[in-house]
Amino acid sequence: MAMTTFRDQIAANKRASFILVVCFVIFVAVFAVILAVAFLSLSTGRTSWDELQAGAITGLVAACVAGLVCGAAYLGGENVVLGVSGAHPIQHSDDPELFNVVEEMSIAAGVPMPRVFLINDESMNAFATGRDPTNGIVAITSGLRQRLTRDELQGVIAHEMGHIRNYDIRLMLLLAVLIGVIVMLSDFFWRALRSGAHWGGTSRYRNDEGRNRNSDPGVAGIITAILIVLAFVLSLIAPILAQIIQLAVSRKREYMADASAVEFTRNPQGLIDALSKLSNDPIPLESANRGTAHLYIVNPIKRFSELSGTIFSSHPPIKDRIRALQALQY
């Protein structure tokens, strides 16, 4: 197997994640425009360039409004995650060794010391959250704390510190916001159609005096018909496509955080051993759900472990992560 440095892996994963996020944002904007054009055409019965332009503007405005609503949720996103996971803050006096490890890794990563939370659960897992490195949070389960050696714990904490330094905590919250925008737009489209659409309303074709000189109903009608079909199809599958993109980004960031952990510790074996133990842990994390599963170092929902390695998995297969760690030069 060709040897790569952790810097090579980090750079490659950054590029891939950036491309995925850009595609995600473009998809949201195009999706909003298609829904708006389709709704305006169905509710007015008009198919002209004016309606296409008005639909495009309306769609972009709707996407921005939905983004602002979801952005408000983004500001308090970490509190929601902590509340759902049942995590509670602990102090240095509660676990000096854990705090020493977190402090060591924060210095190695060059980020402020994050707040430390504990989840009282026998399952082995951990996650990082927060809007940026200055508001970073690391949470681990009591099961993980009890069953890992110091080197293994250091590897896990270094992985989570990688998420913080690489702004994965912000990225994943941003993706959650974008998915929220898509879901909101889809719901609004269907509700608006049920409550206010007048199928086949007054057609502009019937009134030559009302026709804009620059309009071309023939071509505009064909384009509108195509967009209407796309609107119905996308409003059904877009949330699923959005989730697939989010999961793809999540898998890339897990590889990147693993590589960052090697950079911080110069000891890939600690994380390799920790991942091996995590992969053999049969205990599910009771507080985890599908909305927060992607945050954890390994998928906490055991019944979804068979999805590992597919496009519906939030994490790469652990064996592949271990193989990538073993291939790193440091």
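If you add up the charges near ILE137, with Lys and Arg at +1 and Asp and Glu at -1, over every other residue whose beta carbon is less than 15 angstrom from its beta carbon, what do you get?
Result for the neighbourhood of ILE137: -1.
With every protein chain left in place, what is the accessible area per residue of segment 54-165 in square angstrom, probe 1.4 Å?
That works out to 40 Å² per residue.
Full-extension gain between HIS92 and ILE240, please, as 0.36 nm times their residue separation minus the C-alpha to C-alpha distance.
Result for the pair: 49.0 nm of gain on full extension.
Take the Cβ-Cβ distance between ARG147 and ILE107 as r, set R0 to 35 Å, and report the resulting FRET efficiency rounded to the nearest 0.05.
0.85
How much length is gained on full extension from SER43 to LEU60, taking 0.36 nm per residue of separation minus their Cα-Cα distance?
That works out to 4.3 nm of additional length.
So if R0 is 30 Å, what FRET efficiency would ILE222 and ARG15 give, r being the distance between their Cβ atoms, rounded to the nearest 0.05?
Efficiency for this residue pair is about 0.20.
What is the spin-label model distance, in nm, from VAL229 to VAL22 if the labels are put 7 Å beyond Cα along the C-beta direction?
Inter-label distance under the simple model: 3.1 nm.
Please work out the Cα center distance from segment 229-249 to segment 79-154, rounded to the nearest Å.
With segment 229-249 and segment 79-154 each reduced to a Cα centre, they are spaced 34 Å.
How much net charge surrounds LEU275 when only the other residues with a Cβ under 14 Å from the Cβ of LEU275 are counted, with Lys and Arg +1 and Asp and Glu -1?
-3
Just the number, please: carbon plus sulfur as a percent of the accessible area of segment 79-190, 1.4 Å probe, no ligands or DNA/RNA counted.
On segment 79-190, the fraction of accessible area on carbon and sulfur atoms equals 56 percent.
Mind giving me the FRET efficiency for LEU68 and PHE312? R0 is 22 Å, r the Cβ-Cβ distance, nearest 0.05 is fine.
Computed FRET efficiency for LEU68 and PHE312: 0.15.
Using a 7 Å offset from the Cα along the Cα-to-Cβ direction at both TRP190 and ASN100, what is the distance between the two label points in nm, to one decimal?
Calculated label separation equals 5.6 nm.
Just to confirm a number: summing +1 for Lys and Arg and -1 for Asp and Glu over residues other than ILE179 whose beta-carbon lies under 14 angstrom from that of ILE179, what do you get?
Taking every other residue near ILE179 into account, the sum is 0.
The values are calculated or read from the model by the stated rules, or taken from the named source; none is laboratory data. Predicted, not measured: the structure shown is a model, and the values here were computed from it. Counting neighbours? That spans all protein chains shown, and the Cβs are built from the backbone with ideal geometry, glycine included. The area values use the complete protein model at the heavy-atom level, side chains included, leaving out ligands, DNA and RNA. Shrake-Rupley method; radii C 1.70, N 1.55, O 1.52, S 1.80 Å.
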